[in-house]
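Read the structure below first, then the notes.
Readers should treat all values here as calculations from the given coordinates under stated rules, not as data from a laboratory. Note that the structure is a prediction, hence the values are computed from the model and not measured. In this analysis, Cβ positions are derived from the backbone assuming ideal geometry, glycine residues included, and neighbour counts consider all displayed protein chains.
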Amino acid sequence: MFDSTALIVRAIQAACRDVGTAVPSDERAAYVIGLGLRDALAHAAPDLPPERHAELGQAYRRHYFASQHELVLFDGVLPMLHGLKTRNHWIAVATGKSRRGLDEALATAALKGVFDSTRTADETASKPDPLMLRELMAELGVDPGRTLMIGDTTHDLQMAHNAGTPCVGVSYGAHDHTSFAAFGPLFVAHSARELHAWLLDHG
């Protein structure tokens with residue numbers, strides 16, 4: 001939903017500089033998007049001793065929240081969400097963000113009330129473990145066959161595969177969409193408007 005890849009990459013790289021560990025490339029930093037913070041930073045900074053991961057996490061949060069006001073929704077996302085709501089679809093969020101990060105992002109984007117349920121990585125297992133998706137399905141009372149996971153990372157699509165739900169990928173987010181094929185997405189959208197059109201035709 002949010003055009004956040006560049007901000008997250010910059011925050012990870014700045015945090016690594018702060019703690020004096022090797023700064024990951026843009027590609028390596030972007031790969032961890034969607035994971036819970038602990039798993040993400042361990043991958044982004046593999047040479048940093050585990051006992052310093054908390055310090056790295058604090059540095060990341062400082063840089064991220066300092067610039068979070070820059071986040072914007074991808075063009076077409078808000079009309080898509082409201083269009084799905086008018087068709088009585090349930091909409092949920094399964095994210096690697098923290099609860100604080102998600103709540104602030106949704107408030108900033110004036111999205112309160114759009115989502116029927118949300119789960120964050122600090123409340124349950126991180127992707128690609130299917131637990132957060134299964135919790136959302138249980139809470140909403142829907143089975144895997146009537147659930148569609150939409151994601152921009154291989155972590156999202158692998159979580160859907162692990163939970164036994166169909167998935168759709170979007171190419172305008174964090175991961176190269178050519179890596180999605182292994183998870184059998186029903187469709188790969190190249191814009192929010194393209195995704196909206198596909199959902200109207202197939203939802």
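Quick look at the values:
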quantity: Point-to-point label distance, GLU139-ARG193, nm (Cα→Cβ direction, 7 Å offset); calculated: 3.3
quantity: Listed residues GLY101, HIS43, HIS175: farthest to the positive end of the dipole of the chain (Cβ charges); calculated: GLY101
quantity: Estimated dipole of segment 77-202 in Debye, rounded to 20 [Cβ of Lys and Arg +1, of Asp and Glu -1, Cα centre]; calculated: 240
quantity: Additional length obtainable on full extension of the chain from SER25 to ASP3, 0.36 nm per residue less Cα span; calculated: 6.0 nm
quantity: Translational diffusion coefficient (Stokes-Einstein; Kirkwood radius from C-alpha pairs) of segment 22-137 at 4 °C, 1.567 mPa s, in µm²/s; calculated: 82
quantity: Cα pair distances in segment 1-80, grouped into 10 Å bins until the bin that holds the longest one, percent each; calculated: 19, 51, 22, 7, 1
quantity: Förster-model FRET efficiency, 30 Å R0, THR178 and GLU51, C-beta, rounded to 0.05; calculated: 0.20
